[in-house]
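My questions all concern the structure below.
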Amino acid sequence: MKKPITLLFLLIAAISFSCNNKEEDPTNNLVERKKQSIIDELENYEELSMFAAELKKTDLSNIDISDGLTIFALPNSVMSTFSSLKSGNEIDFDIYDYMWVGYYPATVLSNGTIYKSASGKELFLSNYFNDWYVNGFYLYELVEKGSIEENVAVYGIEMPYIRNRPYAEMVNKIFYNDKLLEQYFYDASLRISHVDYYDDDNISRSCFLYYDNRGDISKIIYQYSNGVQDIIEFDKSNLKYTFKGSTDYIEFKSNMLPKQYSFADTIQITRRFEYDPNGNIKAITDETKYGTFSTTYKYDSKYSPFHDCQTPKWFFIIMNENMNYIHPCVSWSNSAKSSGTSVYEYNQESYPTKCVKYENKERLGEYRYEYNIIPWDYKINKPN
């Protein structure tokens, strides 16, 4: 029986050659035999059948695989979209983009190393709190131990908070009551590089984000129109980030979503977060010297404007105070007896294009969202 999967798979196939049996087993025959073993394994999984079919047509004799071969096997849901993207956004599929030349089991992975694909594109490996990432995509479990033949293993790769397709919809501009409110710019890894915030059509401040070699935020700089600059850096200790020059800190859960945010050095509030199974904020509780104040949230099942963004989600929660980082927030209510709703319109890809917000049944205003379509690119996803 075929085993259905919904993940990207990393098939690590080691191809070992022995000088003693070259005459008995020519290199090309060994390559074909190993390739067929890989194909046989891929075909065990229904959702990898299209990649397996593409591999069947691929000649591996033109690359040097004497030291091994590592393959990223894309599921059918991704493979089928390469030739059916929106007009003007087609992406040519090259199977060599999804191969490492060499054998890379988990025991030899090295943080910060850049590997070359068989087509020459860069694949950046990073380790973040003992979790491995390839171009920012989470290597999260060993799918099948053992081997097809000697030194072969299968790993799963998850692209967090995104759908299985080779392009992303990245929010570019947000308007409020038809006036430009925010404009977002992204790096090659689909992370926010900077944001411009507008007031009456003029930039009032800009936010610049800097990342370390693990893909986490290392520094945030706010540049204001009056020339004032605010630089935010962190002293990081496992699951606790302390703001430099302050006692304010963020404490994280093991999945790097904030558990609590303490404003100990400023307004003396401890803010605690609870999440639903999808990673959306379910509740926020503020504990102050005046008492406890709580707010609960509910969400739609569609996609938020920042659903595809690869910036760590804690930025939206802590620095941007934005609930819409995975799914759109449709309602909220708090312990002060206030409540609000948001009514969305969506495009055909299930991203919001318009949102009308209400508080205590009074209309507050209308947000409008514009997007750029950007390919998921394995070429240059190296953190800055």
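The values are calculated or read from the model by the stated rules, or taken from the named source; none is laboratory data. Since this is a predicted model, take the numbers as computed values, not measurements. Neighbour counts run over all protein chains shown; Cβ positions are idealised from the backbone, glycine included.
Mind listing just one residue for me: the one in segment 356-384 that is among the basic types (Lys, Arg), modelled with pLDDT of 95 or more and more than 30 Å from Tyr210 (Cβ to Cβ) and, of those, nearest to the chain's Cα centre (by Cα)? Quick ask: steps written out before the conclusion?
Residues of segment 356-384 among the basic types (Lys, Arg): 357, 361, 363, 368, 379, 382.
Now restrict to residues that are modelled with pLDDT of 95 or more: 357, 363, 368.
With the extra rule that they be more than 30 Å from Tyr210 (Cβ to Cβ), the set shrinks to 357, 363.
On the way: Lys357: 28, Arg363: 34 Å.
Taking the candidates together, the pick is Lys357.
Moving on to the next point. Is segment 301-321 home to any residue that is surrounded by fewer than 20 Cβ atoms within 10 Å (Cβ to Cβ), without any contact (Cβ under 8 Å) to a residue 60 or more places away in the chain, touching a helix residue (DSSP H, G or I) at 6+ places or on another chain (Cβ under 9 Å) and closer than 19 Å to Ser193 by Cβ?
No, every residue in segment 301-321 fails to be surrounded by fewer than 20 Cβ atoms within 10 Å (Cβ to Cβ), without any contact (Cβ under 8 Å) to a residue 60 or more places away in the chain, touching a helix residue (DSSP H, G or I) at 6+ places or on another chain (Cβ under 9 Å) and closer than 19 Å to Ser193 by Cβ.
Do you know which residues across segment 260-279 are touching a Phe, Trp or Tyr at 6+ places or on another chain (Cβ under 6 Å) and at pLDDT 90 or above?
First pass over segment 260-279, keeping only residues touching a Phe, Trp or Tyr at 6+ places or on another chain (Cβ under 6 Å): 262, 269, 271.
If the condition is that a residue be touching a Phe, Trp or Tyr at 6+ places or on another chain (Cβ under 6 Å) and at pLDDT 90 or above, then Ser262, Arg271 are the ones that fit.
Examine segment 160-168 for a residue that is hydrophobic (A, V, I, L, M, F, W, C), modelled with pLDDT under 85, crowded, with 17+ Cβ neighbours inside 10 Å and in contact with a Phe, Trp or Tyr (Cβ under 9 Å, 6 or more places away or on another chain), and state whether such a residue exists. Outline the logic, then answer.
Of segment 160-168, the ones hydrophobic (A, V, I, L, M, F, W, C) are 162, 168.
Filter again for modelled with pLDDT under 85, leaving 162, 168.
If we keep only those that are crowded, with 17+ Cβ neighbours inside 10 Å too, we end up with 162, 168.
Still in the list and also in contact with a Phe, Trp or Tyr (Cβ under 9 Å, 6 or more places away or on another chain): 162, 168.
Yes, the conditions are met somewhere in segment 160-168.
Another one. Is there a residue in segment 310-331 that is part of a strand (DSSP E or B) and more than 24 Å from Tyr186 (Cβ to Cβ)?
Here is the first cut: in segment 310-331, the ones part of a strand (DSSP E or B) are 329-331.
Now restrict to residues that are more than 24 Å from Tyr186 (Cβ to Cβ): 330-331.
Yes.
Could you list, in sequence order, all residues of segment 346-366 that are part of a strand (DSSP E or B) and closer than 14 Å to Val171 by Cβ? Please lay out each step first, then the result.
Looking only at segment 346-366, we keep the residues that are part of a strand (DSSP E or B), and these are 346, 352-359, 362-366.
Matches in segment 346-366: Tyr346, Pro352, Thr353, Lys354, Cys355.
Taking the condition of being in a strand (DSSP E or B) and aliphatic (A, V, I, L, M), how many residues in segment 96-115 meet it?
If we filter segment 96-115 for residues that are in a strand (DSSP E or B), which is where we start, we get 99-101, 114-115.
If we keep only those that are aliphatic (A, V, I, L, M) too, we end up with 99, 101, 114.
Adding up the residues that qualify gives 3.
Among the candidates Glu345, Glu362, Glu349, which residue alone is among the acidic types (Asp, Glu) and in contact with a Pro (Cβ under 8 Å, 6 or more places away or on another chain)? Can you show your working first?
Values: Glu362 fails: in contact with a Pro (Cβ under 8 Å, 6 or more places away or on another chain); Glu349 fails: in contact with a Pro (Cβ under 8 Å, 6 or more places away or on another chain).
After applying the criteria, what remains is Glu345.
Just give me the residues in segment 169-204 being at pLDDT 85 or above and among the small types (Gly, Ala, Ser), in sequence order.
Result: Ser193, Ser204.
Same structure again: Considering Thr341, Thr353, which residue is within 16 Å of Tyr176 (Cα to Cα) and either at pLDDT 95 or above or among the basic types (Lys, Arg) (or both)?
On the way: Thr341 fails: within 16 Å of Tyr176 (Cα to Cα).
Just a single option satisfies the conditions, and that option is Thr353.
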